[in-house]
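A.B. asks: I'd like to ask you about the structure that follows.
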Amino acid sequence: MTTSLPFDRQRGWLILAATIIGAGMVYLDGTIITVALEPIRQEFKASVSDLQWLLDIYLLFLTIPILVSGSLSDYYGRKRLFNIGLIGFTLASAACALSGSMNQLNIARAFQGAFGGIMLPGSLAILNATFPPEMRGKTIGTWSAFTALTTAIGPLLGGWLVDFASWRAAFYINVPLGLAALALSIRYIPESRSHTIPDRQDWLGVTLVTLGLGCLMYGLIEGPVHNWDKPLYFYTFLAGIILLILFAILETRIAHPMIPISLLKYRLFAGISLLTLLLYFSMSGVFFFVPLLVQQTHDFSATRTGVLLIPLILLLSVMSRWAGNLADKSGPRQLLIAGPTLIAISLFLAIIPGPRITPWFAFLNGLSQEDLTLLAYLPATIIFGLGLGLTVAPLTTVALGAVPRHMSGLASGFSNAVSRVATILAVAILGAVMLTQFTISFEKLTEKLPLSVEQRQYLQIEKLKLGAAKPPLDMEIELAAQVQAAIDQSFVDGFRLMMALCGTLALLGTLVTIFTIEDTIIAHDHVASSELEIMSPPHL
């Protein structure tokens, strides 16, 4: 049922603007936070586990509502749920900006994610329900282009806001944007709904997967920080695994599952799901740890960090449409071999630079360390962006075409869930890997240094900050320089291990393509509004 408000092009553009602003805020906060991690850590004296929670809690509470809010908005009103999500996201963003501690910030981020998950599916469903069929393709293409642009400008905008204002400005910016989108929505978006869909939701599944992922995150993030010295961390981790297994069993036995596990019986879909898991896991290490590496070890400003990430996200935005068209015309297989391979190459290239960058050519001798570092990582960044650009759109194409056409919406939702869960797990697992390797390297590099018992105890606590750790203030200058060098080298050692691990996973993704992805042109039918999903880069 749709209200009788007449459709005209001017109203249509204003409706499109409201949905772009709303969805753009969610995507913007997925990338803008990456360059603000170090300033947030400095203000709250946070550990790496605090920063992991900052990203993962947003992703967890964003992912779960997305899986059910599409059909809820169809049933209860697409405009209504979009506005609820918009109001909640705007208020939660203000709460993030006003936070006085890491705990307050993480709670606000959870609400931000939850309301973003309510709003995001509704933005596309509104377009699908409001625009006439002959305009939908162009309209959704415009929506996709602008939301990709907000993703692309996130690091640069965030860096500028952090350097010239505060990390809090990265959240305050959502307040005027949210109010503008709400005003447009109230004035121009007509209400629409459908009573033909089932009103029964998989609430038990929602509960199991939320608790399961939450327990898994808690064990993986807090356990390594505390050296697993309490049974609570292990038992919570084990409980997470059990809850997720129960969730998987439940999804195979109910009529309307939130995540249809039964889709994995299709060989091609199982292959593309495994590829998605491997790639999004490996890619997530870049978006979380590269900003920390260049800011903590190489003293990058937030703006310079955004500049380093811009080629990566611009290439993703520019190439995705081209790669999607090529996959439609020629088949996705070659793209899904070349893309993961380029991603792997870029991650292996990122292993090369050390704590101090030496000029490779004589004409670079006059450059600063910051400029040399930017140049050292730029090849890896560009190749990574090329790999992403070749991969993301074909992943969606294959997921939609790997199952019977009437199930393409379910396949899209499943693939999105896999990508987001992979990102959640990657932040938790790779953080544990980083902390473990950092500890091993740091203890080896400092074991022969003449440190007092008190100094070693101080450094045991300080190491939880990883590359942001600092020698004691009362330490003599020469010894402090040696400790700082050990901190920088230990962080680089941990980063290199992670990049090697993620690069290997990307190469495994190439093998998955070779053995499971057929080189055929995949076509699929139009997807119902409640099932529209778009694959997004990590941390979105």
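The values are calculated or read from the model by the stated rules, or taken from the named source; none is laboratory data. Quick caveat: nothing in here was measured; it's all calculated off a predicted structure. Glycine also receives a Cβ, built like all others from the backbone with ideal geometry; neighbour counts cover every protein chain displayed.
A.B. asks: Of (1) in a helix (DSSP H, G or I); (2) buried (at least 21 other Cβ atoms within 10 Å of the Cβ), Gln482 satisfies all except one. Which?
C.D. replies: (2)
A.B. asks: A follow-up question, please. More than 30 Å from Leu264 (Cβ to Cβ), outside the structural domain of Gly154 (by TED's automatic domain parsing), assigned to a loop (DSSP other than H, G, I, E, B) and touching a residue at least 40 places away in the same chain (Cβ under 8 Å), is that true of Pro311?
C.D. replies: No: the conditions fail for Pro311.
A.B. asks: Val290 passes all but one of (1) part of a helix (DSSP H, G or I); (2) in the same structural domain as Cys215 (by TED's automatic domain parsing); which number fails?
C.D. replies: Unmet condition: (2).
A.B. asks: Restricting to segment 445-459, what's the tally of residues that are of a type in the set (Lys, Arg) and either exposed (fewer than 10 other Cβ atoms within 10 Å of the Cβ) or touching a Lys or Arg at 6+ places or on another chain (Cβ under 7 Å) (or both)?
C.D. replies: Total meeting the criteria: 1.
A.B. asks: Could you tell me which of the residues Leu466, Leu425 is surrounded by 16 or more Cβ atoms within 10 Å (Cβ to Cβ), touching a residue at least 60 places away in the same chain (Cβ under 8 Å) and either outside any helix (DSSP H, G or I) or at positive phi (or both)?
C.D. replies: Leu466
Okay, residues lined up against (1) at pLDDT 80 or above; (2) of a type in the set (Gly, Ala, Ser); (3) crowded, with 24+ Cβ neighbours inside 10 Å:
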position	(1), (2), (3)
Thr397	no, no, yes
Ser408	no, yes, no
Ser412	no, yes, no
Val421	yes, no, no
Met434	yes, no, yes
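A.B. asks: What are the pairs with Cβ atoms under 7 angstrom where one residue, in segment 499-519, is within 18 Å of Thr396 (Cβ to Cβ) and the other, located anywhere, is assigned to a loop (DSSP other than H, G, I, E, B)? Sequence gap at least six, or different chains.
C.D. replies: Ile517/Pro332; Asp519/Gly331
A.B. asks: Would you say Leu208 is in contact (Cβ under 8 Å) with a residue 12 or more places away in the chain, under 25 Å from Val68 (Cβ atoms) and of a type outside the set (Lys, Arg)? Outline the logic, then answer.
C.D. replies: Details: in contact (Cβ under 8 Å) with a residue 12 or more places away in the chain: yes; under 25 Å from Val68 (Cβ atoms): yes; of a type outside the set (Lys, Arg): yes.
Taking the combined requirement at face value, the residue satisfies it.
A.B. asks: Looking at (1) outside the structural domain of Ser47 (by TED's automatic domain parsing); (2) part of a helix (DSSP H, G or I); (3) over 25 Å from the mean Cα position of the chain (by Cα), can you tell me which one Thr236 breaks?
C.D. replies: Condition (3) is where Thr236 drops out.
A.B. asks: Return the pairs, sorted by first residue and then second, in which the second residue is surrounded by fewer than 24 Cβ atoms within 10 Å (Cβ to Cβ), the first residue lies in segment 330-349 and is at positive phi, the beta carbons are less than 6 Å apart, and the residues are 6+ apart or on different chains.
C.D. replies: Gly331/Asp519; Gly331/Thr520; Gly331/Ile521
A.B. asks: Still on this model: What about Ser93, is it crowded, with 24+ Cβ neighbours inside 10 Å, of a type in the set (Ser, Thr, Tyr) and modelled with pLDDT of 90 or more?
C.D. replies: Considered against the rule, which asks whether it is crowded, with 24+ Cβ neighbours inside 10 Å, of a type in the set (Ser, Thr, Tyr) and modelled with pLDDT of 90 or more, Ser93 comes out as yes.
A.B. asks: So, one more: Counting only residues that are under 11 Å from the mean Cα position of the chain (by Cα) and not hydrophobic (A, V, I, L, M, F, W, C), which one in segment 12-64 is farthest from Gly159 (Cα to Cα)?
C.D. replies: Only one residue tops the list, namely Thr63.
A.B. asks: Does segment 292-307 contain at least one residue that is surrounded by 24 or more Cβ atoms within 10 Å (Cβ to Cβ) and hydroxyl-bearing (Ser, Thr, Tyr)?
C.D. replies: Yes, segment 292-307 contains at least one residue that is surrounded by 24 or more Cβ atoms within 10 Å (Cβ to Cβ) and hydroxyl-bearing (Ser, Thr, Tyr).
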